[in-house]
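Peer 1: Before anything else, here's the structure in question.
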There are 2 protein chains.
Amino acid sequence: MKFCSACGHAVVQKVPAGDNRLRFVCESCETIHYQNPKIICGCLPTWQDKVLLCKRGIEPRYGFWTLPAGFMENGETTQEGAARETWEEAAAKVEVGDLYCIFNIPQISQVYVMYRGEIVDGNFGVGEESIEAGLFAEEAIPWDELAFPSIKRTLRYYFSDRKLGKFPVRVEDLIHRTPD
Amino acid sequence: MKFCSACGHAVVQKVPAGDNRLRFVCESCETIHYQNPKIICGCLPTWQDKVLLCKRGIEPRYGFWTLPAGFMENGETTQEGAARETWEEAAAKVEVGDLYCIFNIPQISQVYVMYRGEIVDGNFGVGEESIEAGLFAEEAIPWDELAFPSIKRTLRYYFSDRKLGKFPVRVEDLIHRTPD
């Protein structure tokens with residue numbers, strides 16, 4: 001950030017009065033430009049004993065497999081975001097079910113919020129941001145070609161929990177901070 | 001948003017190629033300025049059979065009681081945010097425990113992430129953003145002077161769940177959308 005989005009003047013970095021963190025501040029109009037973590041909403045869509053994955057058609061991780069997930073939009077709920085991403089990436093309508101995983105990824109200031117979901121009619125396709133999609137049984141999951149650690153963790157939990165028939169909410173930090 | 005924070009030129013609102021939503025876009029440097037929901041991290045801090053509340057010393061809802069909660073900061077986990085807010089607002093050190101409530105508030109593009117937490121040594125004080133703090137037994141909770149619906153819901157769930165000795169994760173939409 002170099003310029004104030006409110007008035008167009010150059011911003012500076014400083015700790016505002018009453019604060020204890022560096023912020024981008026406009027010394028002309030006095031706007032403080034806070035920057036905060038973003039939510040990634042996602043879904044683990046199932047149909048019978050299979051899980052719907054899609055192959056990413058965009059960077060980062062082009063060509064790797066993922067669960068439908070993406071940046072939450074203003075004005076929606078986390079469940080609406082999970083359903084929207086499933087539609088956009090895999091052209092599948094899901095009935096979003098219970099909350100399943102929360103992943104903190106502080107080094108990139110993201111929080112994943114993953115729901116389980118059931119595909120409504122078994123139909124799916126290839127969304128605009130994908131180059132392939134498919135239903136995978138556990139033994140067919142491409143473990144070495146998954147896009148992100150959050151996706152691998154969600155799938156690992158799912159197949160493990162499914163054997164026990166219980167899906168407790170999982171909260172986990174995925175921390176790869178640079179060593180001091 | 002009126003100006004591009006990257007180059008200082010005026011922004012316009014338009015739907016970028018491949019997108020389906022209005023965004024602020026800089027037609028000079030082509031930066032798309034996405035705006036996304038914010039996370040409010042909070043804690044329900046307990047000591048023995050009591051809950052720690054603080055009276056807000058800032059707007060909005062100056063003078064109303066709240067659980068410690070506030071905007072999550074970049075670089076922290078949701079639990080770290082919950083602990084930080086408890087320190088900043090009520091000068092209490094908490095051992096953050098299990099995730100407890102997720103509230104979607106789409107009309108203001110916020111998601112609350114509330115944890116239960118235990119005050120480490122029973123000590124608390126009045127943080128910079130508060131004008132009072134106190135430990136409240138259930139019968140002493142000032143139900144009509146609580147700052148936000150999210151706080152009231154969290155406390156209602158807590159006292160109800162405590163009677164049963166189980167604290168399932170609660171996911172709920174707090175929707176007050178304007179009627180069409």
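The values are calculated or read from the model by the stated rules, or taken from the named source; none is laboratory data. Note that the structure is predicted; figures quoted are calculated from it, not measured. Virtual Cβ from ideal backbone geometry, glycine too; neighbours counted across all protein chains shown. Each accessible area value is taken on the protein alone, full model and side chains, heavy atoms only, with ligands, DNA and RNA left out. Shrake-Rupley method; radii C 1.70, N 1.55, O 1.52, S 1.80 Å.
Peer 1: On average, how much accessible surface per residue is there in segment A:1-135, in Å², for a 1.4 Å probe, leaving out ligands, DNA and RNA? Intermediate values should be presented prior to the final figure.
Peer 2: Working: 5970 Å² over 135 residues.
It amounts to 44 Å² per residue over segment A:1-135.
Peer 1: Non-local amide H neighbours of A:VAL11 (under 5 Å, H modeled in plane, Pro and chain starts lacking H): which ones?
Peer 2: Amide H neighbours of A:VAL11, under 5 Å, 5+ apart: A:PHE3, A:CYS4.
Peer 1: Something else now. Where a Cα-Cα gap under 24 Å defines reach, which lysines qualify for B:LYS55, not counting those fewer than 8 residues away within the same chain?
Peer 2: B:LYS38, B:LYS93, B:LYS152
Peer 1: Which of the chymotrypsin sites (Phe, Trp or Tyr not before Pro) found in segment B:48-92 are loop residues per DSSP with 12 or fewer other Cβ atoms within 10 Å of their Cβ?
Peer 2: Working: sites: B:TYR62, B:PHE64, B:TRP65, B:PHE71, B:TRP87; in loops: B:TYR62, B:PHE64.
Counting only loop positions with at most 12 other Cβ atoms within 10 Å, the chymotrypsin sites (Phe, Trp or Tyr not before Pro) in segment B:48-92 are B:TYR62.
Peer 1: Quick test of your reading: applying the under-4.7 Å Cβ rule, which cysteines of chain A are isolated?
Peer 2: A:CYS41, A:CYS43, A:CYS54, A:CYS101
Peer 1: Here's a follow-up. Using alpha-carbon pairs under 8 Å, 6+ residues apart, how would you state the relative contact order of segment A:99-180 in percent?
Peer 2: Rounded, it is 47 percent for segment A:99-180.
Peer 1: Taking segment B:20-52, which trypsin sites (Lys or Arg not before Pro) meet the DSSP loop condition and have no more than 13 other C-beta atoms within 10 Å?
Peer 2: Working: sites: B:ARG21, B:ARG23, B:LYS38, B:LYS50; in loops: B:ARG21.
Hits after loop and neighbour filter: B:ARG21.
Peer 1: Which of rounded, prolate or oblate describes chain A when judged by the alpha-carbon gyration tensor and an a/c cut-off of 1.5?
Peer 2: Here chain A falls in the prolate category.
Peer 1: Measure off, as a whole percent, the carbon and sulfur share of the 1.4 Å-probe accessible area of the protein assembly as shown, all protein chains present. List each step's numbers first, then the result.
Peer 2: Details: 8640 of 17700 Å².
For the protein assembly as shown, the apolar C and S fraction of the accessible surface comes to 49 percent.
Peer 1: Once you sort the root eigenvalues of the Cα gyration tensor of the protein assembly as shown as a ≥ b ≥ c, which label holds: rounded (a/c under 1.5), prolate (a/b larger than b/c) or oblate (the other case)?
Peer 2: Values: a/c = 1.92, a/b = 1.17, b/c = 1.64.
Oblate, because a/c is 1.5 or more while a/b does not exceed b/c.
Peer 1: I need the phi-derived Karplus couplings for segment B:44-51: 6.51 cos²θ - 1.76 cosθ + 1.60, θ = phi - 60°, integer Hz, Gly and Pro marked x.
Peer 2: So the J values, rounded to whole Hz, are 10, x, 10, 9, 6, 9, 10, 10.
Peer 1: DSSP loop GluC sites (Glu not before Pro) in segment B:10-84 with at most 16 other Cβ atoms within 10 Å of their Cβ, which ones?
Peer 2: Values: sites: B:GLU27, B:GLU30, B:GLU73, B:GLU76, B:GLU80; in loops: B:GLU27, B:GLU30, B:GLU73, B:GLU76.
Here the sparse-neighbourhood loop sites are B:GLU27, B:GLU30.
Peer 1: Using modelled backbone amide H atoms (1.01 Å from N, in-plane), which distant-in-sequence or interchain residues come within less than 5 Å of A:GLU73's amide H?
Peer 2: none
Peer 1: Counting DSSP beta bridges with both partners in segment B:42-180, what percentage is antiparallel, nearest 5? Don't skip to the answer; put the middle values down first.
Peer 2: Numbers: 20 of 30 bridges.
So the antiparallel bridges in segment B:42-180 amount to around 65 percent.
Peer 1: At a Förster distance of 41 Å, what's the computed FRET efficiency of B:GLN13 paired with B:GLU88, Cβ-Cβ distance as r, to 0.05?
Peer 2: Values: r = 36 Å, r/R0 = 0.87.
The value I calculate is 0.70.
Peer 1: Another question, if that's okay. If I model a spin label at A:SER160 and B:GLU118 as a point 7 Å from the Cα along the Cα→Cβ vector, what separation in nanometres do I get?
Peer 2: A separation of 2.5 nm, rounded to one decimal place.
Peer 1: Which whole-Hz ³J(HN,Hα) couplings does segment A:61-74 yield from phi under the Karplus relation 6.51 cos²θ - 1.76 cosθ + 1.60, θ = phi - 60°, glycine and proline marked x?
Peer 2: Running phi through 6.51 cos²θ - 1.76 cosθ + 1.60 with θ = phi - 60° gives 6, 3, x, 9, 7, 8, 7, x, 6, x, 4, 5, 9, 4 Hz.
Peer 1: Distance between Cα centroids, segment B:69-142 to segment A:141-176: provide it in whole Å.
Peer 2: Computed from Cα coordinates, the inter-centre distance equals 28 Å.
Peer 1: If one takes the accessible area of chain A alone plus chain B alone and subtracts that of the pair, with a 1.4 Å probe, what total in Å², rounded to the nearest 100, results? Present the calculation step by step, with values, prior to reporting the outcome.
Peer 2: Details: alone 10530 and 10540 Å², together 17700 Å².
Approximately 3400 Å², summed over both chains.
Peer 1: Follow-up. Residues with amide H under 5 Å of B:GLU132's amide H, sequence separation 5 or more or different chain, H placed in the peptide plane at 1.01 Å from N; which?
Peer 2: Answer set, sorted by chain and number: B:LYS55.
Peer 1: On to the next question. Give me the net charge for the shell around A:ALA137: Cβ to Cβ below 9 angstrom, other residues only, Lys and Arg +1, Asp and Glu -1. The partial results should precede the final answer.
Peer 2: Values: positive: A:LYS50; negative: A:ASP49, A:GLU138, A:GLU139.
Taking every other residue near A:ALA137 into account, the sum is -2.
Peer 1: Measuring from centroid to centroid over Cα atoms, what is the spacing of segment A:1-36 and segment B:42-62 in Å?
Peer 2: Segment A:1-36 and segment B:42-62 have Cα centres spaced 29 Å from each other.
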